[in-house]
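Remarks on the structure that follows.
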Ligand code: SF4
């Protein structure tokens, strides 16, 4: 039987509950080490904090990843790679902004070439503040994301599609050499 063959309302509801449970407990992360915060990822993933017990595991390609973890400040040229990477991921997909730099530029707030307010350019579902956030804070951020998936609030990827013109205008305002293919859903 195919998933789309489930027409009965009650069966569909049960299927969605199981699907959401599986989804939030198998978050495959494409770690994008944009800033110094990336140094906290190895201890988060290895034996001391063992993020995999929460179903959080690394993936090497955007095609297999659910979560884009942006681990710090973004220069304009790095933002371009982040956008390209994010758009190659399959939905549902989520973004976690890691560290104060992703929220307001952090210690680079006054830099001519560093992005502030990351969610003007890509849809951030969860921010983890701190400079740099410790592994406990990283895991708490993932738990927050899991709760949002459970309650249907982790819908940044849908808002990105719905408001693509707004995001594109913001992206193209800062990325002057825009020579990427326009993504087509
Ligand atoms: S928030 Fe702090 S640790 Fe993270 S990228 Fe910025 S300066 Fe580095």
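FYI, it's all coordinate maths here, none of it is from the lab. Every value quoted in this text rests on a predicted model; they were computed, and no experiment measured them. Don't worry about glycine lacking a Cβ; one is built from the backbone with ideal geometry, like all the others, and counts go over all protein chains shown.
Here are a few things to note about the model shown:
- Sole residue being over 23 Å from residue 101 (Cα atoms) and within 15 Å of the chain's Cα centre (by Cα), chosen from 71, 61, 34: 61
- Among residues of the stretch 62-97, those that are over 15 Å from residue 154 (Cβ atoms) and either touching a strand residue (DSSP E or B) at 6+ places or on another chain (Cβ under 7 Å) or buried (at least 23 other Cβ atoms within 10 Å of the Cβ) (or both), counted: 10
- Complete set of residues in the stretch 141-175 that are out of contact with any helix residue (DSSP H, G or I) (no Cβ under 9 Å at 6 or more places or on another chain) and closer than 12 Å to residue 98 by Cβ: 141
- Residue in the stretch 141-149 that is within 17 Å of the chain's Cα centre (by Cα), in contact (Cβ under 8 Å) with a residue 24 or more places away in the chain, within 16 Å of the ligand (Cβ to nearest atom) and part of a helix (DSSP H, G or I) present: yes
- Residue that is farthest from the ligand (Cβ to nearest atom), among those in the stretch 112-130 that are assigned to a strand (DSSP E or B) and closer than 18 Å to residue 141 by Cα: 126
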